[in-house]
Amino acid sequence: MPFKTRRRRPAFLAPVLVSLLLTGLAASRAEAHDPEPGATRGEARRLFLDALSFGCLYTRTENIPIDALPPGLDDDLVPADAQDRRGGLAPPDHPMLVSKRMGNLIAVFTDKTGDCVVTALQLPVQATLDSYAEHLRKVSAAFKERPYKPGYNPIGYEFARQMDDGDEIVIHMEGSEPGRWGHALRFSLIIVRVSRRPTAATAPH
């Protein structure tokens, strides 16, 4: 099913208080670059999972900046422009990448804590996160699953891996399907945060 290219502004459910992250995300996507005509959710899902695997997980594993990806590793990710940054999700002096095919419906950035964050809109949250969680369970024995405590976003997973240097990599995935009560966005939202910190400094999200 092709993505709709008409831009929409998010609808807010007063008097529900929305986190600053979601407010910024909604604002940036209100001026988002449209996906290319004919782009499908199946393709977007693949591009999102690649962005997570290469843009965040690879760079945190190798301990390199997200804008230092080796050529050819993920050719869909390109540097964000000023329009992509309007929501203020990534600090001005921190790198931010967006999808060449899907625009900033898929974005990768480094936040102020040094964590790598991937966001996606309009994807089926449950199916997308389920597929990546199953992938980690089957092909990456190094990652151990932790209990996910539902909060603002009811769908989620968390995995952790102990590195040889004593650091711990944590993949925290969460999201909500559109239309759930209390959510400001009328479309689906996925947020994945990949952190790398000394084990003693790493706490569950």
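Has the range 6-24 got any residue that is modelled with pLDDT under 90, within 25 Å of ASP130 (Cα to Cα), touching a Pro at 6+ places or on another chain (Cβ under 9 Å) and not in a loop (DSSP other than H, G, I, E, B)?
yes
Within the range 140-147, does at least one residue satisfy the condition of being closer than 14 Å to LEU52 by Cβ, at pLDDT below 90 and more than 17 Å from the chain's Cα centre (by Cα)? Break it down stepwise before answering.
First, the residues of the range 140-147 that are closer than 14 Å to LEU52 by Cβ: 140, 143.
Next, from what is left, pick out any that are at pLDDT below 90: 140.
From what's left, more than 17 Å from the chain's Cα centre (by Cα): 140.
Yes, some residue in the range 140-147 is closer than 14 Å to LEU52 by Cβ, at pLDDT below 90 and more than 17 Å from the chain's Cα centre (by Cα).
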Original post:
Just for the range 82-122: of the residues that are of a type in the set (A, V, I, L, M) and under 13 Å from PRO65 (Cα atoms), which one is surrounded by the fewest Cβ atoms within 10 Å (Cβ to Cβ)?
Top reply: MET96
Subject >> Scope the range 76-104; condition at pLDDT 90 or above, closer than 28 Å to MET163 by Cβ and part of a loop (DSSP other than H, G, I, E, B); matching residues >> reply: ASP76, PRO95
Original post:
Hey, among the residues in the range 123-144 that are surrounded by 14 or more Cβ atoms within 10 Å (Cβ to Cβ) and of a type in the set (A, V, I, L, M), which one's nearest to ASP167 (Cα to Cα)?
Top reply: LEU136
Original post:
If you take just the strands (runs of 3 or more DSSP E) that sit entirely in the range 130-182, which of them hold at least 3 residues that are among the acidic types (Asp, Glu)?
Top reply: 167-176
**OP:** For the range 45-81, name all the residues that are surrounded by 13 or more Cβ atoms within 10 Å (Cβ to Cβ), small (Gly, Ala, Ser) and out of contact with any Ser or Thr (no Cβ under 8 Å at 6 or more places or on another chain).
**Re:** SER53, GLY55, ALA80
Original post:
Between residues in the range 71-97 that are closer than 20 Å to SER53 by Cβ and residues that are among the acidic types (Asp, Glu) and outside any loop (DSSP other than H, G, I, E, B), which pairs lie under 6 Å by C-beta distance while being six or more apart or on different chains?
Top reply: ASP74/ASP50; PRO95/ASP67
**OP:** Can you confirm whether the range 132-152 contains a residue that is of a type in the set (S, T, N, Q) and touching a residue at least 24 places away in the same chain (Cβ under 8 Å)?
**Re:** no
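The values are calculated or read from the model by the stated rules, or taken from the named source; none is laboratory data. This one's a predicted model, so the numbers in the text were calculated from it and none came from an experiment. Positions of Cβ are generated from backbone atoms using ideal geometry, with glycine treated the same way; all protein chains shown enter the neighbour counts.
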